[in-house]
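The values are calculated or read from the model by the stated rules, or taken from the named source; none is laboratory data. Because the structure is predicted, anything quoted here is derived from the model rather than measured. Reconstructed Cβ throughout: ideal geometry from the backbone, glycine too, with neighbour counts over all protein chains shown.
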Amino acid sequence: MTYISNALAIIGAGFIVLLIAGLLMNGKQCAISLDQFVGTCLRRGHMADETISAWAHRCQHHRLERFINWIFRDPNHCALAYVSEMRGDQNAREYRRG
Ligand SMILES: [Ca+2]
C-alpha cells in the first residue's frame, strides 16, 4: 500500500510541476489544455479539443453554462467559447478553417 501511495504521490507531484512549468511557459494555452483534459476525462462524449465552456453551450447544459458564465463574470463566456471552437481560434493559423 505504501509503495502505491508513494508512486501516486510522485506522479501527482510530477503533474503539478509540469502544470506550473506549462502555465509559466504557455499561460492561457496550458490552462486551455488542462480544461480540455479534465472535460475529456470526466464527460462521455466530450471532444478532446473542446473546452468545457464550449461543450456546456453546445450540449445545452444550461445550469452548468450559467455557473461557468458566473465564474468568468461574463454572461456570454460559454457562447463565445463555442464560437471560438467553431472558428478554431485556439489552433495555430495553419489549422484554422476559412
Ligand atoms: Ca479547440
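Give the residue that is surrounded by the fewest Cβ atoms within 10 Å (Cβ to Cβ), with candidates limited to residues of the stretch 12-69 that are touching a helix residue (DSSP H, G or I) at 6+ places or on another chain (Cβ under 9 Å) and of a type in the set (Ser, Thr, Tyr).
It comes out as Ser33.
Quick one: would you say Asn26 is out of contact with any strand residue (DSSP E or B) (no Cβ under 7 Å at 6 or more places or on another chain) and modelled with pLDDT under 90? Working first, answer last.
Numbers: out of contact with any strand residue (DSSP E or B) (no Cβ under 7 Å at 6 or more places or on another chain): yes; modelled with pLDDT under 90: no.
For Asn26, the condition - out of contact with any strand residue (DSSP E or B) (no Cβ under 7 Å at 6 or more places or on another chain) and modelled with pLDDT under 90 - is not met.
Residues that are free of Cβ contacts under 8 Å to residues at least 40 places away in the same chain, among the polar types (S, T, N, Q) and within 16 Å of the ligand (Cβ to nearest atom): find the helices (runs of 4 or more DSSP H) completely inside the stretch 12-97 holding 1 or more of those. Break it down into steps so the answer makes sense when it comes.
Working: elements: 28-42, 52-58, 62-71, 77-87.
Fully inside the stretch 12-97 and qualifying: 28-42, 52-58, 77-87.
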